[in-house]
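Note sheet for the following structure.
The values are calculated or read from the model by the stated rules, or taken from the named source; none is laboratory data. None of the values given here were measured: they were computed from a predicted structure. Don't worry about glycine lacking a Cβ; one is built from the backbone with ideal geometry, like all the others, and counts go over all protein chains shown.
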Amino acid sequence: MKIGSGKHTGYGDVLFKAATFLSALIFSLAMAGVAFELARSSRLSIAKFGFGFLWSQAWNPVTQDFGALSSIYGTLVSTLIAMVIAIPLSLAIALFLVELAPPALSRWVGYAIELLAAIPSIIFGMWGLFVFAPFLADHVQPFLQKFGGFTPFFKGPPMGIGMMSAGIILALMVLPFTSAVMREVFSMTPPVLKEAAYGMGATTWETTSKVTVRFGAKGLMGAFFLGLGRAIGETMAVTFVIGNNHSISASLFSAGNSIASTLANEFTEASDPLYLSSLVELGLVLFAMTLLVQTIAHFWLRHLGKTTGGRQ
Amino acid sequence: MKTSNFDHSIKALAIFTLISLMLTVASCTGKTDRAENLILNGAGATFPYPLYSKWTSQYNELTGVKVIYQSIGSGGGIAQIRAGTVDFGATDAPLDKEELDRLQLIQFPMVMGGVVPVVHVKGIGPGKLRLTGPVIAEIYLGAITRWNDPAIKELNPGITLPDEDITTVHRADGSGTTWIFSNYLTKVSPAWAREMGNAKVLAWPVGAGGKGNEGVSAYVQRIEGSMGYVEFAYAMQSGLSYALLKNHAGNFVAPSPGSFFAAASMADWENAPGYRVVLTEQPAEESWPITGASFILLRKEQRNSGKTRALLKFLDWCYRYGEKSASGLEYVPLPQHVVDGIESYWSRTLAAGGKSLWPPRGEKGDKE
C-alpha cells in the first residue's frame, strides 16, 4: 500500500537518485575540465596573438605566425556543403521510408542506411581519396566547370580533392544519422492526424508537407543539429580529401583545411611550444564553435516549440 | 574528443608502461633470466617505422629481447625521451647541439634515405625529366606555373612539355621528409631561404597537401600535371615518374641507394657537433642532392645500465646485420667508418656510475 504513495521512497530510490546525479555531475565536470585544459594549454598562443588569432589568415610554423581564419572558414564551408546536401536527401529518404515505400522495402532500406552509420570514418576517407575524388575529377568537375565556370565556385584545375569532395563525403557520413532520426520523427505522427488530412481530400504531398513535417518540425531540427555536430568535428575522412592547404578560396575545387584536419596533420610533429599552443587553441575554437551551435539549436528549438504544433 | 590522437598515444603509453612494469616485476620475482624478459621502449619518427618494426621483430626472434617502437612522430619522441618514459627516441630532423645539451640527450644517425621529386606529366616516364633545385623552388613558390615554362624547357631540350598548369603537392602533416626537402631548397635557392625556410611544416603559397607519403603519391597519381616529393621507397613502389636532379658537382643524377651512399661518404660526420649531419647538396660527383638521415636520441644519464647495454647491443646489431632488411625496404645503411665513429662516441659519452657502458665486456662480467 506504500507503493506509489510517494511518502516513503526507500534506499533504492535514494541510491538511484545519487547515482544518476553523480553521472550527470561527472559528465559536466569532464566538459568543464576539457574547456579549462584547452584554455590553459593555449595560453601561450592567446598571449601572443590575442583575438587576432581568429581573423588572421597566417599559418607559418617557420616564422611562428599563426591564425585560425582559414581553418574556421574550411570547417564552416565543408559543413555547410554537407548540410545542404544531406538535409534534403535525408528528408526525402525518411519520407519515402515512412509514407511511400512498401513496409518490406522500407525495412531493408532502413537497415542499409543504418549500416552506413557503422562504417569507420577512415574508410570513408580512403574511399573518398582513391575512388570518389578520381570520379569527381574525371566526370563531375569538368562538367560543372563547363557550365558553371563563369562563377567563382568552379575555378581552378579539377583535382577531385578539395572543399567539394570533403563536403560530399561529410554529407554521406551525416546522412544515416539524420535520416534515422527523421524516420523516427515521421513515424511518430499520430495516424489519426494523417487520416483526417486525407479525409479532407488532401493529396499525399499536402498531407506530408502540411501535417507530417509540421508535426515533426522540432524533431527535424534535432536531426539537423545532430548531423551538424557530427560534420563540424569530423577528422579523418576530411583530412584525406580536403587537400590540406591553409588558404581561403571561393572555388569549391581548391584545396582547403578544417580545424580537425589541421590538428590531425600537424599535432604529431609539432615540438615547438608556441606552435603546439596554437594547435590547442584551434581545438578551443572548435570547442567554442560546437558550443555556439548547440546553444543556437537550443533556442531555435524553443522558438519552434512556440510557433509550430506537435509534441516533445 | 578532438584530441583522440593524443588520447590514444597516452593510452597506448599507459598500457605499454603497465605491461613493461608487470614484466619487470615478473622478471624480478621469477628466476633472473637475462634476455627473455627484457623490454626496450622507443618512440618517435614515423619515417623509419617500417624499418624499425622489421628490425625489432627479427631481433626478438633471434635474442628474445623485445623492442617496442611507437611511431608517434618526432615531436612526441623528443618529449618522451626527455621525460624518461622511453629508452630511446627517434627524430628525422636532427636537434642542434645547444638543444641536445639543454635536454641532456645524445644523438646519432641510424639510417639514411632520400627524398625524390615525382611528376605526373603526359608522356614523361621515370628518370626522363631533368630539374634543378632553383627550378623546383620556383615551382613550389608559384613563380613557375606551367610545364612549358622556358626554365624547364631549357633543362629538357629533347622533351615536348605540355602547355599545362603545374599543381604542386606537398606533405600536409609535419614530416621529416619536408624538413630534408626544404633544407635542400634553402641551400640552393636564396628566394626559398628568404620566403619559406627549413622546417617540418611550411606555409605553402600554392598547391595541395597530402597526408603522409602515401597521400602525396596518391595525389600525384591522380592529378594531371602535378608534382610532388616523396620518400624514395614510395617513389619506387608507386611507379611514379621521378625526376633527375642536378647535384652540387653539376651532374644530373638519378635517386638510388648508390647516389645516397655517395652523398654520405663525403660528409664530415666526426666533426659535426652532436652528429648533426645534413646530407643535402653534398659535393661528391654521384651524390643525390636530397639525402637525409634519421636519428636516435638517448639520455646522457643512464639509470639502468643493464638495459642500456642491451639497447646498445640492439643498435649495434642493426648497424651490422640490419643492412639486408634495410635494403629490402629501400633504406640505405650508413658507411662502416661512420658506424665505428658512432660506437666510439657511445663509449665516450654513455656512462653509469662512472663506468663506460660500451663496448660490452665479457657477457658474465657485466652484471650489475
Looking at (1) within 12 Å of chain B (Cβ to nearest Cβ); (2) touching an Asp or Glu at 6+ places or on another chain (Cβ under 9 Å), can you tell me which one A:Asp138 breaks? (2)
Exclusive hit being part of a helix (DSSP H, G or I), small (Gly, Ala, Ser) and over 30 Å from B:Ala351 (Cα atoms), set B:Ala262, B:Ala310: B:Ala262
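Just the residues that are polar (S, T, N, Q) and under 19 Å from the mean Cα position of the chain (by Cα), please, taken from the stretch B:59-98.
Those that are polar (S, T, N, Q) and under 19 Å from the mean Cα position of the chain (by Cα): B:Gln70, B:Ser71, B:Ser74, B:Gln80, B:Thr91.
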What number goes with the only condition from (1) within 24 Å of A:Leu91 (Cα to Cα); (2) crowded, with 19+ Cβ neighbours inside 10 Å; (3) of a type outside the set (Phe, Trp, Tyr); (4) within 11 Å of chain B (Cβ to nearest Cβ) that A:Ala231 does not pass? (4)
Can you tell me which of (1) among the small types (Gly, Ala, Ser); (2) under 24 Å from A:Gln64 (Cβ atoms); (3) more than 14 Å from chain B (Cβ to nearest Cβ) is the one A:Gly199 doesn't meet? (2)
May I ask you to say which residue of A:Ser261, A:Ser271, A:Ser251, A:Ser247 is among the small types (Gly, Ala, Ser), within 16 Å of A:Gly74 (Cβ to Cβ), over 17 Å from the mean Cα position of the chain (by Cα) and facing another protein chain (nearest Cβ under 9 Å)? A:Ser247
Wholly inside the stretch B:187-257, helices (runs of 4 or more DSSP H) that include 1 or more residues that are at the interface with another protein chain (Cβ under 8 Å from one of its Cβ atoms) and buried (at least 22 other Cβ atoms within 10 Å of the Cβ) are B:212-222
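Among what's in the stretch B:72-92 and is among the charged types (D, E, K, R) and modelled with pLDDT under 90, pick the residue that is nearest to A:Pro273 (Cα to Cα). Don't jump to the end; show me each part of the working.
Going residue by residue through the stretch B:72-92, those that are among the charged types (D, E, K, R) are B:82, B:87, B:92.
Now narrow it down to the ones that are modelled with pLDDT under 90: B:82, B:92.
Working: B:Arg82: 15, B:Asp92: 19 Å.
Residue satisfying both the conditions and the ranking: B:Arg82.
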The stretch B:37-96 - residue that is touching a Ser or Thr at 6+ places or on another chain (Cβ under 9 Å) and aromatic (Phe, Trp, Tyr) and, of those, nearest to the other protein chains (Cβ to nearest Cβ): B:Phe47
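Hey, among B:Leu95, B:Leu161, which residue is free of Cβ contacts under 8 Å to residues at least 60 places away in the same chain, part of a loop (DSSP other than H, G, I, E, B) and surrounded by 17 or more Cβ atoms within 10 Å (Cβ to Cβ)?
On the way: B:Leu95 fails: free of Cβ contacts under 8 Å to residues at least 60 places away in the same chain.
Exactly one residue qualifies, and that residue is B:Leu161.
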Please indicate, with yes or no, whether at least one residue in the stretch A:123-135 is free of Cβ contacts under 8 Å to residues at least 40 places away in the same chain, among the aliphatic types (A, V, I, L, M) and within 14 Å of chain B (Cβ to nearest Cβ). yes
Mind listing whichever residues of the stretch B:104-148 are part of a loop (DSSP other than H, G, I, E, B), in contact with a Phe, Trp or Tyr (Cβ under 8 Å, 6 or more places away or on another chain) and among the small types (Gly, Ala, Ser)? B:Gly127
Is it the case, given these coordinates, that A:Leu279 is within 11 Å of chain B (Cβ to nearest Cβ), closer than 30 Å to B:Pro94 by Cβ, free of Cβ contacts under 8 Å to residues at least 24 places away in the same chain and touching a helix residue (DSSP H, G or I) at 6+ places or on another chain (Cβ under 9 Å)? yes
Please specify each residue of the stretch A:141-175 satisfying the condition of being modelled with pLDDT of 90 or more and either over 17 Å from B:Ala208 (Cα atoms) or exposed (fewer than 15 other Cβ atoms within 10 Å of the Cβ) (or both). A:Ile168, A:Ile169, A:Leu170, A:Ala171, A:Leu172, A:Met173, A:Val174, A:Leu175
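Would you mind stating whether B:Trp179 is more than 8 Å from every other protein chain (Cβ to nearest Cβ), assigned to a helix (DSSP H, G or I) and touching an Asp or Glu at 6+ places or on another chain (Cβ under 8 Å)? Can you show your working first?
On the way: more than 8 Å from every other protein chain (Cβ to nearest Cβ): yes; assigned to a helix (DSSP H, G or I): yes; touching an Asp or Glu at 6+ places or on another chain (Cβ under 8 Å): yes.
Taking the combined requirement at face value, the residue satisfies it.
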From the set of residues in the stretch A:61-75 that are within 10 Å of chain B (Cβ to nearest Cβ) and in contact with a Gly (Cβ under 9 Å, 6 or more places away or on another chain), which is surrounded by the most Cβ atoms within 10 Å (Cβ to Cβ)? A:Pro61
Breaking point among (1) surrounded by 24 or more Cβ atoms within 10 Å (Cβ to Cβ); (2) assigned to a helix (DSSP H, G or I), for A:Leu274: (1)
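So for the stretch A:41-57 (the condition being within 14 Å of another protein chain (Cβ to nearest Cβ) and assigned to a helix (DSSP H, G or I)), does at least one residue qualify? Reasoning before the result, please.
Taking the stretch A:41-57 first, the residues within 14 Å of another protein chain (Cβ to nearest Cβ) are A:41-42, A:56-57.
Now restrict to residues that are assigned to a helix (DSSP H, G or I): A:41.
Taking every residue of the stretch A:41-57 in turn, at least one turns out to be within 14 Å of another protein chain (Cβ to nearest Cβ) and assigned to a helix (DSSP H, G or I).
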Residue within the stretch A:212-221 that is closer than 24 Å to A:Ile119 by Cα, away from chain B (no Cβ under 14 Å) and either in contact with a Phe, Trp or Tyr (Cβ under 6 Å, 6 or more places away or on another chain) or surrounded by 19 or more Cβ atoms within 10 Å (Cβ to Cβ) (or both) present: yes
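What about A:Phe299, is it over 30 Å from A:Gly148 (Cβ atoms) and facing chain B (nearest Cβ under 8 Å)?
Details: over 30 Å from A:Gly148 (Cβ atoms): yes; facing chain B (nearest Cβ under 8 Å): no.
So A:Phe299 fails the test.
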Examine the stretch B:234-253 for a residue that is under 18 Å from the mean Cα position of the chain (by Cα) and either at pLDDT 90 or above or over 21 Å from B:Glu330 (Cα atoms) (or both), and state whether such a residue exists. no
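Can you report the number of residues in the stretch B:97-121 which are farther than 14 Å from B:Gly274 by Cα and within 14 Å of chain A (Cβ to nearest Cβ)? Quick ask: steps written out before the conclusion?
Of the residues in the stretch B:97-121, the ones farther than 14 Å from B:Gly274 by Cα are B:111-121.
Pick out the ones that are also within 14 Å of chain A (Cβ to nearest Cβ) and you get B:120-121.
Of the residues in that region, 2 qualify.
Given the options B:Thr168, B:Thr178, B:Thr186, name the one that is out of contact with any His (no Cβ under 9 Å at 6 or more places or on another chain) and in contact (Cβ under 8 Å) with a residue 24 or more places away in the chain.
Working: B:Thr178 fails: out of contact with any His (no Cβ under 9 Å at 6 or more places or on another chain); B:Thr186 fails: in contact (Cβ under 8 Å) with a residue 24 or more places away in the chain.
The match here is B:Thr168.
Matching residues to (1) more than 17 Å from B:Tyr69 (Cβ to Cβ); (2) among the small types (Gly, Ala, Ser):
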position: B:Phe260; (1), (2): yes, no
position: B:Tyr275; (1), (2): yes, no
position: B:Glu281; (1), (2): yes, no
position: B:Leu297; (1), (2): no, no
position: B:Arg303; (1), (2): yes, no
position: B:Ala310; (1), (2): no, yes
position: B:Leu315; (1), (2): no, no
position: B:Glu323; (1), (2): yes, no
position: B:Glu330; (1), (2): yes, no
